[in-house]
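Student: Below you will find the structure I want to go over with you.
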Amino acid sequence: EPLFQAWSYFRRRKFRECADVCSQLLERPPSEQVAGAGPGREVEAAWSLKTRALTEMVYVDEIDMDQEGIAEMILDENAVAQVARPGTSLKLPGTGQGGGPSPAVRPVTQSGRPITGFVRPSTQGGRPSTMEQAIRTPRTALTARPITSASGGYIRPGTASMLTNPDGPFINLSRLNLTKYAQKPKLAKALFEYIFHHENDIKNALDLAALATEHAQFKDWWWKVQIGKCYYRLGLYREAEKQFKSALKQQDMVDTFLYLAKVYLRLDQPVTALNLFKQGLERFPGEVTLICGIARIYEEMNNISSAAEYYKDVLKQDNTHVEAIACIGSNHFYSDQPEIALRFYRRLLQMGVYNCQLFNNLGLCCFYAQQYDMTLSSFERALFLAENEEETADVWYNLGHVAVGIGDLNLAYQCFKLTLVNNNDYAEAYNNLAVLEMRKGHTEQARALLQTASSLAPHMYEPHFNIAILSEKVGDLQRSYTAAQKSEEAFPGHVDTQQLLKQLKEHFAML
């Protein structure tokens, strides 16, 4: 029975084979259809199944898919408050004082947040303050190209529709009578997901969802969530908020809480999102995704101690949660507890996580925990597993640090050079090479490297501070003062910068 075979393929996630069998069924003349199945019933089933199979092939989970492109960041019209109260905004992350390590201990991203233990789409770029910063810094995971627009991330799966059928798309959306389909709830849901995920046609999806909601007399929470998703994708956040709230009144669902929290985060209202998650936890006690959402927000607001507590709560409910283990491990590492961090990373290894980043972290933990026998073998494994040049650059950079730690400055110099071979925009490597050049007495080369580092990463305080020290040594006090001011702006609590500024001010006062 072909239809049963197609369903079996679908259950086994062999979507391509399922779609092919359904296509053959749909091409059969009516006389060959199964007797007693009802006129068009088999065709309807095959059509519905093929739609679902094509959707699953390109399905992206909307809850985690949240890349904010330059267009969304800079051209955002949803300005809530220009000057937010301390601890209530993600745009000013330095306000949430939660006992996190300073930038001297833990590196920060361009937006001022500490580097987290787990890369998520929303934490890659941060929120830049100027267009120039936006173009320069938030990169996609694998390329040096800026993330141009969030909608661009969804268009790629949509182009798969041309590949599904050699003679054109499976469903011609322009000819569909949406009103007719909206009156068949079972077909309408499969069709909506096909239009939304496979064709990426948000307008038609929204029209279908609106008609179906009307047909269901506004009593079906599922359609309200789908309308909210369409509004969110179109950037109409307030309308999306209304739909999700309305859906929650009818039916408590974890997904709806997560979608609504996404809306609040995009509107830069993290406190409202936190309250919503806590409200969700009252309805669904111990729900891992909600606890994890709270931990992420605290981490983005620099409240590291609260984030760590919530990640520990996540592990109480699900002790194989990779994100929680990785984040707690990185927090222990930056809190000067490499031995404890090592236990968390070994736990990930036991769970079957086997990638470059994990071995890179294991190598660093072993080095700082003084287990030198394991350090180099971990880094060798990391280099072997590196999938792209950016990962290779990270490993060589860390090897350079290990070389500095054991006093082999020639090896360190080679490692930092290899870092720049793999990733020419690695500001930290330029900074460290400059320090090694200064030790050799090559002042001009050191200055050139430091200027490169400071232009690539204006949010780092180290290049500015090193330029200030170097300029002061050669007697260029004005340049030294300017660089020291930039260093203080990037890291106000840096004591050495404050002392240097004080000395320079005294010197200028004497003049």
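Student: Kindly list the number of the only condition in (1) within 19 Å of K242 (Cβ to Cβ); (2) more than 32 Å from the chain's Cα centre (by Cα) that fails for V225.
Tutor: In the conditions (1) within 19 Å of K242 (Cβ to Cβ); (2) more than 32 Å from the chain's Cα centre (by Cα), V225 misses (2) alone.
Student: Another question, if that's okay. What pairs come up if the first residue lies in region 322-351 and is open to solvent by less than 10 Å² (accessible area, probe 1.4 Å), the second is acidic (D, E) and not in a helix (DSSP H, G or I), and their beta carbons are under 8 Å apart, counting only those six or more places apart or on different chains?
Tutor: That search, which allows pairs on different chains as well, returns A324/D318.
Student: Have a look at N303, N360 and point out the one that is open to solvent by less than 30 Å² (accessible area, probe 1.4 Å), in contact (Cβ under 8 Å) with a residue 24 or more places away in the chain and within 21 Å of the chain's Cα centre (by Cα).
Tutor: Selected residue: N360, the only one of N303, N360 that is open to solvent by less than 30 Å² (accessible area, probe 1.4 Å), in contact (Cβ under 8 Å) with a residue 24 or more places away in the chain and within 21 Å of the chain's Cα centre (by Cα).
Student: I would also like to ask the following. Out of (1) closer than 30 Å to Q503 by Cα; (2) in contact (Cβ under 8 Å) with a residue 12 or more places away in the chain; (3) within 30 Å of the chain's Cα centre (by Cα), what's the single condition that is false for S455?
Tutor: It fails just one condition, (2).
Student: Determine whether region 291-300 contains at least one residue that is open to solvent by 50 Å² or more (accessible area, probe 1.4 Å), part of a loop (DSSP other than H, G, I, E, B) and more than 12 Å from F257 (Cβ to Cβ).
Tutor: Within region 291-300 (the criterion being open to solvent by 50 Å² or more (accessible area, probe 1.4 Å), part of a loop (DSSP other than H, G, I, E, B) and more than 12 Å from F257 (Cβ to Cβ)), the answer is no, since none of the residues qualifies.
Student: Run Q217 past the list (1) more than 27 Å from K180 (Cα to Cα); (2) assigned to a loop (DSSP other than H, G, I, E, B) and report the number of the one that doesn't hold.
Tutor: Against the list (1) more than 27 Å from K180 (Cα to Cα); (2) assigned to a loop (DSSP other than H, G, I, E, B), Q217 comes up short only on (1).
Residues are listed down the side, and each one gets a yes or a no for (1) open to solvent by 20 Å² or more (accessible area, probe 1.4 Å); (2) part of a helix (DSSP H, G or I); (3) at pLDDT 85 or above:
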position: P169; (1), (2), (3): yes, no, no
position: S174; (1), (2), (3): yes, yes, no
position: K189; (1), (2), (3): yes, yes, yes
position: F196; (1), (2), (3): no, yes, yes
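Student: How about region 460-480: which of its residues are surrounded by fewer than 20 Cβ atoms within 10 Å (Cβ to Cβ) and not aliphatic (A, V, I, L, M)?
Tutor: Hits for region 460-480 are E472, K473, G475, D476, Q478, R479.
Student: Out of region 245-276, which residues are open to solvent by 10 Å² or more (accessible area, probe 1.4 Å), of a type in the set (A, V, I, L, M) and assigned to a loop (DSSP other than H, G, I, E, B)?
Tutor: Matches in region 245-276: M253 only.
Student: Also, I was wondering about something else. When you scan region 347-366, do you find a residue that is in a helix (DSSP H, G or I) and among the hydroxyl-bearing types (S, T, Y), even just one?
Tutor: No, region 347-366 contains no residue that is in a helix (DSSP H, G or I) and among the hydroxyl-bearing types (S, T, Y).
Student: Which condition number does E488 fail, the rest of (1) modelled with pLDDT under 95; (2) out of contact with any Ser or Thr (no Cβ under 8 Å at 6 or more places or on another chain); (3) not hydroxyl-bearing (S, T, Y) being met?
Tutor: (2)
Student: If you don't mind, there's one more thing I want to ask. Let me spell it out: the conditions are (1) of a type in the set (D, E); (2) over 30 Å from N423 (Cα atoms); (3) open to solvent by less than 60 Å² (accessible area, probe 1.4 Å), and E437 meets all of them except one. Which number is the exception?
Tutor: Unmet condition: (2).
Student: May I ask you to say which residue of L290, L276 is at pLDDT 95 or above and either closer than 22 Å to R85 by Cβ or among the charged types (D, E, K, R) (or both)?
Tutor: Only one candidate qualifies: L276.
Student: I'm trying to understand the selection: among the residues of region 364-389, which are under 23 Å from the mean Cα position of the chain (by Cα) and either polar (S, T, N, Q) or more than 19 Å from Q414 (Cβ to Cβ) (or both)?
Tutor: Residues satisfying the conditions are L385, E387, N388.
Student: For R16, state whether it is over 21 Å from D201 (Cα atoms) and modelled with pLDDT of 85 or more.
Tutor: Taking the combined requirement at face value, the residue satisfies it.
Student: Here's a follow-up. Kindly list the number of the only condition in (1) open to solvent by 20 Å² or more (accessible area, probe 1.4 Å); (2) within 32 Å of the chain's Cα centre (by Cα) that fails for Y181.
Tutor: Checking Y181 against (1) open to solvent by 20 Å² or more (accessible area, probe 1.4 Å); (2) within 32 Å of the chain's Cα centre (by Cα), the one that fails is (2).
Student: Which of the residues that make up region 220-244 are open to solvent by 50 Å² or more (accessible area, probe 1.4 Å), touching a helix residue (DSSP H, G or I) at 6+ places or on another chain (Cβ under 7 Å) and over 22 Å from Y194 (Cα atoms)?
Tutor: E239
The values are calculated or read from the model by the stated rules, or taken from the named source; none is laboratory data. None of the values given here were measured: they were computed from a predicted structure. With ideal geometry, Cβ positions are generated from the backbone for all residues, glycine too; neighbour counts draw on all protein chains shown. Accessible surface areas use protein heavy atoms only, side chains included; no ligands, DNA or RNA. Shrake-Rupley method; radii C 1.70, N 1.55, O 1.52, S 1.80 Å.
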